Amino acid sequence: MRFSIQQTVRTSLCIGCGLCEAIGQRDGIKMRLAENGFYEPTIPDSISKEIESEIGKLCPGVNIECIDNKETFCGNVVAAYEGWSNEPEIRKKGSSGGIITALACYLLRKQQITAVLQVGVCEGDFLHNKLQVSRTEEEVMARASSRYAPALVFDHLPELLAKENEFYLFIGKPCDVMTLKKYINIHPEYQPRIKYYLSLVCAGMPSYNATQQLIREAGNPTPPVELKYRGDGWPGNFKVRFQNGEEFLRSYNDSWGKVLGRNVRFRCKICPDGIGQWADLAVGDAWHTVDGYPDFTEQEGQSFILARTPVGNGLLNEACRAGMISLQPLDIGNLRQMQPYQYLRLKSVFYRLVPAWFLSGGRLKIHRLHIPRFNFIQGCKISAGTVYRFYKRKK
Ligand SMILES: Cc1cc2nc3c(=O)[nH]c(=O)nc-3n(C[C@H](O)[C@H](O)[C@H](O)COP(=O)(O)OP(=O)(O)OC[C@H]3O[C@@H](n4cnc5c(N)ncnc54)[C@H](O)[C@@H]3O)c2cc1C
């Protein structure tokens, strides 16, 4: 089936990354914030076949890569750790153990990179996010912690990669890392620009409307001036500060669990890779468990880290030797309890992707899909859930 940007948006497969604007700028493709609270492209009546074909090859909405390794349930793993930043401020500000921020600061300090490409809130705004270029440790620290909302990541990509004296660390969601690597594969002249790829573990990107819903719960008559989704502890609170100085807090369980996590894009619900298989390092929450379930009681932050390449493992151990971070070996079997959602998602991907392929009119390009060992009845229920969510999101 021929790729169509319009059809990708219509079937809620678009993840709003902005790559189509980067590739199709001269044909007039432009990202906008749609009423549903996600970024989507606006497409002029006619765009050239070459542009549409390049977007079709790279669009993360329709190009789906399943985990490429049958030895572990979570893909290629060179080494697995639990860890945290040894700098208390970074550990506190970070989403989990502040590992990503600590590594970014380490690379800047050692001048191994010239800048960090990472998502952060737009200047003078409390809500909207975009890819930022951080050149100092202060900038990196200001952009620590997860923002559970969309971000334009790739709309200015060619300009960033064309700068010959830049050497970047790229931080993104698993789909962002995959997309950037694929883009560089077909533009190998940009390959020296990115020294390291770090991925956060991701359960899906919620709409801005979900954030607005939480803000409305505060019932504060003055406008919000600052918004944090978590951090300042582990997991830390969703926290909004208003112009009148008042603060509104919601626990991680109430914000992510009851509102944000229930408002993610359809494409995220069928995603097979929430655990950064394309990155050098993937970092997530090393939740402690109580009675077999993650425990969200406030404590000192701790991350789990999957080193997926020798380059990533080398960086981790270098930062550990330099005293920036602490590491302990992790048995990857423990991820099943630490990350039950990610585990279920990996095991049941076949039952989500097959109905999604039919619902998209055969437009999904699924690579390396295999039938995992999974309870058939439960799998059919998951398939039914995928069909239900597809039609529900159209209303
Ligand atoms: C949409 C989303 C879904 C998530 N789902 C899970 C999950 O299922 N399981 C889990 O364990 N953890 C999840 N996380 C949390 C994430 O895995 C943690 O950020 C991770 O534990 C890293 O912690 P840290 O303390 O090392 O990161 P920090 O040191 O706090 O650094 C976080 C980095 O993430 C970047 N970032 C923040 N928001 C975004 C964004 N929207 N897009 C791209 N980059 C961003 C920041 O620029 C920063 O560099 C999710 C985060 C997001 C944004």
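The values are calculated or read from the model by the stated rules, or taken from the named source; none is laboratory data. For clarity, every value in this text was computed on a predicted model and none was experimentally measured. For neighbour counting, all protein chains shown are included, and Cβ atoms are generated from backbone atoms with ideal geometry for every residue, glycine included.
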| said: Tell me yes or no: at least one residue of the stretch 220-232 is part of a helix (DSSP H, G or I) and either at pLDDT 95 or above or farther than 16 Å from residue 15 by Cβ (or both). | reply: no
| note | Within the stretch 284-301, the residues that are touching a residue at least 60 places away in the same chain (Cβ under 8 Å), away from the ligand (no atom under 12 Å from the Cβ) and in a strand (DSSP E or B) are 299
| field | residue 350 vs. criteria assigned to a strand (DSSP E or B) and either among the hydrophobic types (A, V, I, L, M, F, W, C) or away from the ligand (no atom under 16 Å from the Cβ) (or both) | value | no
| said: Just to be sure I understand, how many residues within the stretch 180-205 are more than 18 Å from residue 309 (Cβ to Cβ) and touching a residue at least 60 places away in the same chain (Cβ under 8 Å)? | reply: 6
| Right, residue 304: within 16 Å of the ligand (Cβ to nearest atom) and among the aromatic types (Phe, Trp, Tyr) or not? | yes
| Considering only the stretch 56-100, how many residues are more than 22 Å from residue 342 (Cβ to Cβ), in contact (Cβ under 8 Å) with a residue 12 or more places away in the chain and either within 15 Å of the ligand (Cβ to nearest atom) or in contact with a His (Cβ under 8 Å, 6 or more places away or on another chain) (or both)? | 8
| query | What residue, among those in the stretch 213-229 that are in contact (Cβ under 8 Å) with a residue 60 or more places away in the chain and within 16 Å of the ligand (Cβ to nearest atom), is surrounded by the fewest Cβ atoms within 10 Å (Cβ to Cβ)? | reply | 226
| said: Taking the conditions exactly as written (under 30 Å from residue 325 (Cα atoms) and either in contact (Cβ under 8 Å) with a residue 12 or more places away in the chain or outside any helix (DSSP H, G or I) (or both)), does residue 36 satisfy them or not? | reply: no
| field | Selection from the stretch 339-374 of residues that are crowded, with 18+ Cβ neighbours inside 10 Å, more than 23 Å from residue 4 (Cα to Cα) and among the aliphatic types (A, V, I, L, M) | value | 346, 349
| message | Restricting to the stretch 184-211, name every residue that is assigned to a helix (DSSP H, G or I) and away from the ligand (no atom under 16 Å from the Cβ). | response | 184, 185, 186, 188, 189, 190, 191, 192, 193
| request: Please state which one of 103, 131, 127, 169 is outside any strand (DSSP E or B), touching a strand residue (DSSP E or B) at 6+ places or on another chain (Cβ under 7 Å) and within 10 Å of the ligand (Cβ to nearest atom). | output: 103
| task | Quick one: residue 149 ticks every box in (1) within 21 Å of residue 23 (Cα to Cα); (2) within 13 Å of the ligand (Cβ to nearest atom) except a single one, so which number is it? | result | (1)
